[in-house]
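Notes follow the structure.
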Amino acid sequence: MAIGLAGSRFGRAQEDPVRDHSRVPSISELKTTFEFEAVAWAKLPRAAYDYMAYGADGEVTLRRNRDVFDEVDLIPRGIQMAEAPKTELKLFGAAMAYPVLVSPTAGHSQFFAEGELATHRGATAAGATMIVSNNSTYPFDKVAAAAKGPVWVQLYPKPQLDANRAYLESAQAAGAQAVVVTIDQQASSYERALHDRNLSYSNPAMRRPPARPGSTNPYRISASRLWYEWKLFDEIRPFVKVPMLAKGILTAEDAKLALDHGVDGIYVSNHGGRSLDYDPSTLEVLPEIVDAVNGRAPVLFDSGIRRGSDVLKALALGASAVCCGRAPLWGLSAYGTAGVQRVLEILQTEFVDAMRSAGCPSLEAINRKIVAAQYS
């Protein structure tokens, strides 16, 4: 009787005024990546969702990363192609079916029990390369062994050279085909995290400690990455036997410096708006970086990709390939492995449709003539 009363439509006190408790749709019903976010939000604990969703400080850069895509128009062609566009490419000598990779993101097990194992399986099923975070919840070798698809590894550098060596040599032995060195989070604070009880109570790292008398770091910012210098790449280059990329490049000057210090690829990123607020959006600075690189290395791009048309815009402005972080996590949170696969397949399908509409029969035909940027 109690169960019957609790489930009755008259028991309005049982209703959650915030969350929609209608049925979870089947994966086949979702047609865009944005629809996966709603399912992820409904299924996840608030702390896990907020960790995935938030940005730095006032989240201006987080919003700008998306808004700027609305300021770039695609120029359609009146007569479309009869054949499907060719989307294959070679990146550092490896063949890829589409110019779309999975960005490195941390802590996948808070979104789905199998974590990065499921993400790698989903990416492999969609024919996409996964970049495994240095802060993954499963060791890199286990992630790499979870599926047969290619994997790259991300590094948050440590001051101790031997620690970097041990991690990178282990990852390369386990099959890492490239190393992505993240350099854009020297000091960051997440404003929403600092004010979100769910995050601050569930994750001690999000609590800002009081200053201690005599502290050499009175501003209470983690010093774990404040030591970064360009010579880092010179020091780790001898034991990196695969292509090495610098992730977090936002200026032409830094792109040139990265190349001077031996990197094989430039990765344009502002950490998805999670590093320094009021950073420029990555799409705005992409052309100047591509011009500075001048074909000397591939240029990868992330921060804000949600649609296949976004992929086309980034490639038109010079990117060699794009990487997606949040959207695959929405899929993972909503449906596990199948969700990751479906999100990537939606992006790939939309990308092909956009290529057809812009009259691009191959990746080589994509150039700045097919876009018109309205931002200054």
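The values are calculated or read from the model by the stated rules, or taken from the named source; none is laboratory data. Predicted, not measured: the structure shown is a model, and the values here were computed from it. Cβ sites come from the backbone with ideal geometry, for glycine too, and all protein chains shown count toward neighbours.
At-a-glance table
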read-out: Residue match in region 310-331 (condition: surrounded by fewer than 22 Cβ atoms within 10 Å (Cβ to Cβ) and touching a Phe, Trp or Tyr at 6+ places or on another chain (Cβ under 6 Å)); value: no
read-out: Every pair of residues 6+ apart whose Cβ atoms lie under 8 Å, when the first sits in region 252-266 and is in contact (Cβ under 8 Å) with a residue 24 or more places away in the chain and at positive phi while the second is surrounded by fewer than 16 Cβ atoms within 10 Å (Cβ to Cβ) and not polar (S, T, N, Q); value: GLY262/ASP234; GLY262/ARG237
read-out: Matching residues, region 139-176, being small (Gly, Ala, Ser) and farther than 18 Å from ALA118 by Cα; value: ALA163, ALA166, SER170, ALA171, ALA173
read-out: Of all residues in region 364-376 being aliphatic (A, V, I, L, M) and surrounded by fewer than 18 Cβ atoms within 10 Å (Cβ to Cβ), the one that is nearest to ASP67 (Cα to Cα); value: ALA373
read-out: Verdict on GLY248 being under 28 Å from SER170 (Cβ atoms), in a strand (DSSP E or B) and not basic (Lys, Arg); value: yes
read-out: Subset of region 64-87 that is free of Cβ contacts under 8 Å to residues at least 24 places away in the same chain and in a loop (DSSP other than H, G, I, E, B) - its residue that is surrounded by the most Cβ atoms within 10 Å (Cβ to Cβ); value: ALA82
read-out: Cross-chain or 6+ apart pairs with Cβ under 9 Å, region 277-303 first and at pLDDT 95 or above, then part of a helix (DSSP H, G or I) and aromatic (Phe, Trp, Tyr); value: SER281/PHE69; LEU283/PHE69
read-out: Residue in region 334-347 that is aromatic (Phe, Trp, Tyr) and surrounded by fewer than 24 Cβ atoms within 10 Å (Cβ to Cβ) present; value: no
read-out: Selection within region 251-280 - under 14 Å from the mean Cα position of the chain (by Cα) and either more than 21 Å from GLY55 (Cα to Cα) or in a loop (DSSP other than H, G, I, E, B) (or both); value: SER269, ASN270, ARG274, SER275
read-out: Filtered residues of region 156-183 (kept if buried (at least 24 other Cβ atoms within 10 Å of the Cβ) and assigned to a strand (DSSP E or B)); value: VAL179, VAL180, VAL181
read-out: Residue satisfying condition, being touching a residue at least 24 places away in the same chain (Cβ under 8 Å), within 14 Å of the chain's Cα centre (by Cα) and outside any helix (DSSP H, G or I), within set VAL340, VAL322; value: VAL322
read-out: Any hit, region 228-238, residues being touching a Phe, Trp or Tyr at 6+ places or on another chain (Cβ under 9 Å), surrounded by fewer than 12 Cβ atoms within 10 Å (Cβ to Cβ) and either under 24 Å from LEU315 (Cα atoms) or modelled with pLDDT under 95 (or both); value: no
read-out: Condition check for PRO328: assigned to a helix (DSSP H, G or I), touching a residue at least 24 places away in the same chain (Cβ under 8 Å) and within 12 Å of the chain's Cα centre (by Cα); value: yes
read-out: Selection count where residues are β-branched (Val, Ile, Thr) and within 20 Å of GLU37 (Cβ to Cβ), scope region 283-309; value: 1
